[in-house]
1. Identify, please: which residue in segment 470-497 is under 32 Å from the mean Cα position of the chain (by Cα) and in a loop (DSSP other than H, G, I, E, B) and is, among those, surrounded by the most Cβ atoms within 10 Å (Cβ to Cβ)?
2. Can you tell me which residue is farthest from ASN38 (Cα to Cα) among those in segment 87-105 that are touching a Cys at 6+ places or on another chain (Cβ under 8 Å) and assigned to a strand (DSSP E or B)?
3. Please work out which residue is surrounded by the most Cβ atoms within 10 Å (Cβ to Cβ), limiting yourself to segment 512-537 and to residues that are touching a Phe, Trp or Tyr at 6+ places or on another chain (Cβ under 9 Å) and not in a strand (DSSP E or B).
4. Are any of the residues in segment 59-75 within 22 Å of the chain's Cα centre (by Cα), assigned to a helix (DSSP H, G or I) and either in the same structural domain as LYS229 (by TED's automatic domain parsing) or under 20 Å from LEU168 (Cβ atoms) (or both)?
5. Got at least one residue in segment 309-325 being assigned by TED's automatic domain parsing to the domain that holds TYR22, without any contact (Cβ under 8 Å) to a residue 12 or more places away in the chain and of a type outside the set (Gly, Ala, Ser)?
6. Can you tell me which residue among ARG330, ARG334, ARG360 is farther than 19 Å from ALA467 by Cβ and either without any contact (Cβ under 8 Å) to a residue 12 or more places away in the chain or not polar (S, T, N, Q) (or both)?
7. If I filter segment 388-421 down to residues being farther than 20 Å from ASN38 by Cβ and of a type in the set (A, V, I, L, M), which single residue comes out as nearest to the chain's Cα centre (by Cα)?
8. Let me spell it out: the conditions are (1) closer than 25 Å to ASP276 by Cβ; (2) among the β-branched types (Val, Ile, Thr); (3) surrounded by fewer than 22 Cβ atoms within 10 Å (Cβ to Cβ), and THR369 meets all of them except one. Which number is the exception?
Amino acid sequence: MQENVCTNRPEWLETAAFYEIYPQSFQDSNADGIGDINGIIQRLDYIHNLGCTALWINPCFDSPFKDAGYDVRNYTLVAPRYGTNDDLVRLFDEAHRRGMHVLLDLVPGHTSEEHPWFKASAQPEERDRVVGDDNVSERYIWTDTWISNGDGLPFIGGEAERDGTYILNFFKCQPALNYGFAHPRRAWQKPALGPEAIATCDAMVDVMRFWLSRGADGFRVDMADSLVKQDDEGKPFTIRTWQYIFSKIRPEFPEAAFVSEWGRPYESLKAGFDMDFYLDWRWDGNPNGYNMLLRNTDTPLSHDNDASYFNADSGTPVDAFLGQYVPQLRDAERYHGLFNLITCNHDTLRTAQRLTDRERKLAYATLLTLPGAPFIYYGDEIGMRYLPMRSKEGGYNRTGSRTPMQWDHGANLGFSQGRADDLYLPVDPAADAPTVEDAMANDDSLWHVIQSVLALHKSEAALHTTAGFDVIQGEGRAFAFARTTGDERLVIAVNPGRNVEHVAVDGLDGDALFAIDSPAFEEGGIMLPPQSFVIAR
């Protein structure tokens, strides 16, 4: 198998810091209660001022919105509720004018059941299964009879005139696109990288080309590891599928960046992605390394029951995180890619009720100084809270992390001039709801911590995304590490606990570039007061 090492990673990723925007909840520009692209354009200067150099915009394509846009009806049309294709191109242009980049959210594994491809593929007669000049009979995974099961995969029947059932990815409304099977066992199962699967790959390349040629700077790819069905351990056929896709699109757009929702960089970066995420996956009470930092609890709105590292009272040592993180980081380095940390995202519960303001300052300052490109979820910079509420557009328990951005104390907290009853989701009703206005006015706020650290992330070569990383102290409560490039070296140290900690480190000048509380430089090391942080030279 090809070892597809990303040696040509786009240069702009070296200093990149991303800001994730849930478009329906960020800024409403036309008072209809739903955020839109023109609203994002209005707030670009705010994002730039915070220190983020790139955007990741959650799905904005035409959709029936049964899964909040992750059920795409038309990949090349902006959903009317967000604006027009021209609006999106203007967003690209305005971002570029500020030296910023824009990633769109690509959902390659399935479409909406309302997509023209699916409607045509569901026709009873082969001759009718075309869209333009494109034969889409095998664009989805259809069995060969209406009474067939899915061979262990989720399937549905009785919804189409075609004599067959079709395979689903997640919800009933999301038929799986056909990238083939690793080891076909039945006549209706097509081989990975066979002609039917290649046709699907080529169709997705056309989607990428459409937006990249109009100014998009790349894509975050949803569930990128799930294309080929019944793949082997290590996802070899899915890896080869992505290698084929990248062989087609990268020569045309060498500065485009691609980040995968995969969570295993030794697979995703081999597949050809530039970046992968350390994802917040906590299944059946079993935390991964990311959870050990920020969410080690099954009651995520409770501070008392949380055993994550940054909870001051948890006593959790940092090696619970490092034991999983460092091997995966080394995998990313081997493939010359990035392994990125998030503050939160649209699928996870916000940290505000679980961690105190001080704990979040320490956590985010640390995340922003670790290797890779940091991703900040809109509102995390002001401590927006998770709001328990009924499911909206397939959000279920994720809905409470998707509420409108809180700008000021005006109508609807500055999100919309529309009626409160018309909002996509209600705003935080609390009298002390955090806002951008308050956060920016308070020099000691989380917002200013993030802005200060992001400024260093950009200006200091040792904090760039690919700078070296070495653990100085990786056991117990205090955590210290070095970031290096060439002759430059910075030491980052954090103490999330309630007791004074000492970190042994040589060669410091005693110059603190940024600090929370008052760490003291002493002979051979740093004294860290309780709940403190420092970036030192």
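1. Applying the first criterion (under 32 Å from the mean Cα position of the chain (by Cα)) to segment 470-497 yields 470-486, 488-497.
With in a loop (DSSP other than H, G, I, E, B) added as a condition, the list becomes 474-478, 486, 496-497.
Working: GLY474: 18, GLU475: 11, GLY476: 14, ARG477: 21, ALA478: 23, GLY486: 9, PRO496: 29, GLY497: 23.
The qualifying residue surrounded by the most Cβ atoms within 10 Å (Cβ to Cβ) is PRO496.
2. At the first step, the residues of segment 87-105 found to be touching a Cys at 6+ places or on another chain (Cβ under 8 Å) are 88, 100, 104-105.
Right, trim to assigned to a strand (DSSP E or B) and you get 104-105.
On the way: LEU104: 16, ASP105: 18 Å.
Among them, the one singled out is ASP105.
3. Among them, the one singled out is PRO519.
4. No, segment 59-75 has no match at all.
5. At the first step, the residues of segment 309-325 found to be assigned by TED's automatic domain parsing to the domain that holds TYR22 are 309-325.
Applying the additional criterion that residues be without any contact (Cβ under 8 Å) to a residue 12 or more places away in the chain yields none.
Taking every residue of segment 309-325 in turn, none turns out to be assigned by TED's automatic domain parsing to the domain that holds TYR22, without any contact (Cβ under 8 Å) to a residue 12 or more places away in the chain and of a type outside the set (Gly, Ala, Ser).
6. Values: ARG330 fails: farther than 19 Å from ALA467 by Cβ; ARG334 fails: farther than 19 Å from ALA467 by Cβ.
After applying the criteria, what remains is ARG360.
7. Residue satisfying both the conditions and the ranking: MET389.
8. THR369 satisfies every listed condition except (3).
The values are calculated or read from the model by the stated rules, or taken from the named source; none is laboratory data. Predicted model only: the values in this text are computed from it and were never measured. Reconstructed Cβ throughout: ideal geometry from the backbone, glycine too, with neighbour counts over all protein chains shown.
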